[in-house]
Amino acid sequence: MIGLSHYLIVSALIFSIGLVGVLRRRNLLMLFFATEVMLNAVNIAFAAISHYYNDLTGQMFAFFIIAIAASEVAVGLGILIVLYKKHGSLDLDDLASMRG
Amino acid sequence: MENLVYIALFAPFVGSLFASLFGMSERKIFVGIVASALIGLSFIASALLAFNLYTTETVVQVTMMDWISAGDFNVEFGFVIDQISVTMMTVVTLVSTIVHVYAVGYMDHDKSFNRFFSYLSAFVFSMMVLVMSDNFLGLFIGWEGVGVCSWLLVGFWYHKPDQDRKDNPSISPSWAANEAFIMNRIADLGMLIGIFILYWNTGSLQYDEVFAQLPYLNEAVLTAAAIALFIGAMGKSAQFPLHTWLTDAMEGPTPVSALIHAATMVTAGVFLVIRANPLYSMPEVAGVSFFIASLGTFVAFYAASMALVERDLKRIIAYSTLSQLGYMFAAAGLGAYWIALFHLAAHAFFKALLFLGGGNVMHAMHDELDLFKMGDLRKKMRGTWIYMTVASIALAGLPPLAGFWSKDAIIETAFNEHTYILWIMLVITAGMTAFYSFRQVFLSFHGEDRHTPLGFHPHEMYKFVLVAMSPLAVLAVITGWFMSTYKEFIYKIGESVQYEMSDHTHHLATYLGLLVIFFALSGIAYAYYKYARTGENAWKRSEKVENGFFYKLLINQYYVPKFYEEFITKPYAIISEKLWTEVDLKIVDATVDNIAKFLHNTGDKTRAMQTGNLSNYLNWMAVGGVILLLIAAISAMFV
């Protein structure tokens, strides 16, 4: 029987994969993907816990996150395209312009 | 009546503010005139109040406003015009008026003329607050104000450089000002403690409320309060061992010396004891009172002995003040408060006259004060000579001048109280007083002319200054004649100030008086024999005398200033230096510095984080997230 903990473990694993992506990737587009992965990991956890407690609030929250993530991706991709046009690259190492 | 009280109190303050408007500009004669006129106004108001009190016998008490109101603690800005304060007010404002007019002439050439008047009037204002207040806190404010103003005035010529102690015992005006201020601060602490003790035990600072509660207090409290308050009085009135500032304060301009010594400042201590007479006449504090009397007698003798050999004109007068303050404390300590107050008033007149006359001499001799360089000045300064002689006779205590009546009464009191040792010392001191005051007169105004060979060409002071001094001369003569009137006047205040000689003393009074006169006359005669003759009998300096043990002891003020310097000032400087280098620099400063250094270094190290690379930032963000998670987890474990 698949229980709550399984879902949470899957969620944690996916979150970790996303986190590693955020930390290791240099390409901005990949970073976006990684953040999407993390968001969806959280969504899984929300849905699972919501089901476990028989409370729809968590699932509603997941929907909200999906909606907001979609709009965020739309804006983010727009910025990425402008950036790419300007610099010809999406590599973070090339984009660094401010140094402390 | 209320308006008169406010006029008497605030006219000097207005004068001070007015003069301070011109503080930075060059000499403007009207500043001096306006300031003098305002003090004169204050005197008229005080005199009217005194007359009113004399005729109607109603004590005026006014409350200007609530001052401090915190919880149960309430102090009002209140003033009381009773027999004690009105005496002080009249004396203070009268002497101050004359000193102000005098200063217009004396400070004529000084470039800080306007600044001087703003200080001088502020000084008088502080003194008025001190004597008029109806509670201890108001008195304390005036007390501190007087201290500050004395600091400003003694150090008025702050630009004069420091000299060696051998050349000038008071080193420099700014040094003397600091000494006066610091010594007074030490004593003020005692005074403050005394006020705290009284408040703690009576719950009030109002004189009448405090005094009404005194019978319910126990002996320890009363004694502690009496001692603490007297320590304050010792500082202001320069009693041993806090006396050295008084002679050094001679560094200030002469009008200031006249004001400090005659009317304001030094009389504040005597005033405090007289004001607190219900406390000091409690049988429980008889020991303290007797100590006051003994200390007063000792100081009278001690100061007079130092005046015997002093060469500096102003310092001689300063010692005589010290000595006369001793007399006042002797009277107050023995319970004869009204005699002390009467002596205070009489002394104020002739002492102011003496100082202002001394100022004339100093002015004429171009700031030279060494008596050995004067002699035979009477031909060139006739007016001043007459004033100085009158004042010296009054100081020496010859009838019918002011000094005789009050001083004789004090000596009689000492006899009446069967304190014969005090009595003998006071009688001897009276003889010494006569000797040194006439030594000073003879050395400066009589004898051989020693100043012309030295290139001095003395000239008499301005006419208006001499005229302005004349009221003091008149008062120095006649004050004593009103002693019985004054006694009647002040007796109305209540039993605590009343003091009567016993019948036994009364019978002997004439003989006692004659004895004092005999001592005084022999002192004068000896001074005449030694210093006033001319020709081949003229006085000459003698090496043998000046190298004698007693002469050395006296001229060095019993080595007390030296002792203070060696055992207090120098060790204190060493300790301060050590604390500075060891504690302040290495602990306090180092702590502050290290905090700054730590912040700076952390910033310097962590600056490397700011690579400008988003990826690195994200990594750091993750680290932060992990740390927060850890903290959350750890705190969850403990909850």
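Any read-out appearing in this document is the output of simple, stated calculations on the displayed coordinates, not a laboratory observation. The shown structure was predicted, so the numbers you read here are calculated from the model rather than taken from an experiment. Note that each Cβ is placed from the backbone with ideal geometry, even for glycine, and that neighbours are counted across all protein chains shown.
Things worth noting here:
- The string of couplings for segment B:326-341 from the Karplus curve (6.51, -1.76, 1.60, θ = phi - 60°) is x, 4, 4, 5, 4, 5, 5, x, 7, x, 8, 4, 5, 5, 4, 5 Hz, one whole number per residue in order, with x for Gly and Pro.
- Counting all C-alpha pairs of segment B:547-626, share separated by more than 16 Å (%): 75 percent
- Over all pairs of different C-alpha atoms in the protein assembly as shown, the reciprocal of the mean inverse distance, the Kirkwood hydrodynamic radius, equals 30.9 Å.
- Cα pair count fraction exceeding 20 Å, expressed as % - segment A:4-95: 45 percent
- Of the residues B:Asn114, B:Gly447, B:Ile421, the one whose Cα sits farthest towards the positive end of the charge dipole of the protein assembly as shown is B:Gly447 (charges of +1 on Lys and Arg Cβ, -1 on Asp and Glu Cβ, taken about the Cα centre).
- Overall, the protein assembly as shown carries a charge dipole of about 2000 debye about its Cα centre when +1 sits on the Cβ of Lys and Arg and -1 on the Cβ of Asp and Glu, all other atoms neutral.
- Relative contact order (%) - criterion: Cα under 8 Å, at least six apart; region: segment B:378-485: 46 percent
- 222 nm mean residue ellipticity, helices alone, for chain B (DSSP H n ≥ 4; -39,500 (n - 2.57); rounded to 500): -22500 deg cm²/dmol
- Taking amide H as placed 1.01 Å from N in the peptide plane, B:Met64 has its amide H under 5 Å from the amide H of B:Phe77, B:Gly78, B:Phe79, each at least 5 places away in sequence or on another chain.
- Measuring between alpha carbons in the structure, the pairs from B:Lys314/B:Lys562; B:Lys314/B:Lys379; B:Lys166/B:Lys351; B:Lys351/B:Lys544 lying more than 25 angstrom apart are B:Lys166/B:Lys351; B:Lys351/B:Lys544.
- Gyration tensor verdict on segment B:511-550 (Cα atoms; rounded if a/c is under 1.5, prolate if a/b is larger than b/c, oblate otherwise): oblate
- The distance separating the Cα centre of segment B:291-334 from that of segment A:64-100 comes to 94 Å.
- Computed from the Kirkwood radius of its Cα pairs, the Stokes-Einstein diffusion coefficient for chain B at 20 °C and 1.002 mPa s stands at 81 µm²/s.
- Between segment B:34-93 and segment B:566-639, the alpha-carbon centres lie 59 Å apart.
- For segment B:435-450 versus segment B:162-218, the gap between their alpha-carbon centres in whole angstrom: 37 Å
- Cα-based shape type of segment B:439-527, given that a ≥ b ≥ c are square roots of the gyration tensor eigenvalues and the cut on a/c is 1.5: oblate
- Residue-wise HN-Hα couplings along segment B:619-631, as the Karplus relation 6.51 cos²θ - 1.76 cosθ + 1.60 with θ = phi - 60° gives them from phi, are 4, 4, 4, 5, 4, x, x, 4, 4, 4, 4, 4, 4 Hz; Gly and Pro carry x.
- Chain A, relative contact order in percent, only Cα pairs under 8 angstrom and at least six apart counted: 27 percent
- Order of B:Phe181, A:Phe33, B:Phe638 - criterion: other Cβ atoms within 10 Å of each residue's Cβ, fewest first: B:Phe638, A:Phe33, B:Phe181
- Amide H contacts of B:Asp376 (H built 1.01 Å from N, under 5 Å, at least 5 apart or other chain): B:Phe445, B:His446, B:Gly447
- Entry note, chain B: relative contact order of 11 percent, from Cα contacts under 8 Å with a spacing of 6+ residues.
- Annotation: amide H of B:Thr264 has no partner in the under-5 Å range at sequence separation 5 or more or interchain, hydrogens built in the peptide plane.
- Rounded to whole numbers, the Karplus 3J(HN,Hα) couplings from phi for segment B:273-287 are 5, 5, 4, 8, 4, x, 5, 6, 9, 5, x, 5, 9, 4, x Hz, using 6.51 cos²θ - 1.76 cosθ + 1.60 with θ = phi - 60°, and x at Gly and Pro.
- Virtual spin-label span in nm between B:Asp66 and B:Asn547, 7 Å along Cα→Cβ: 7.4 nm
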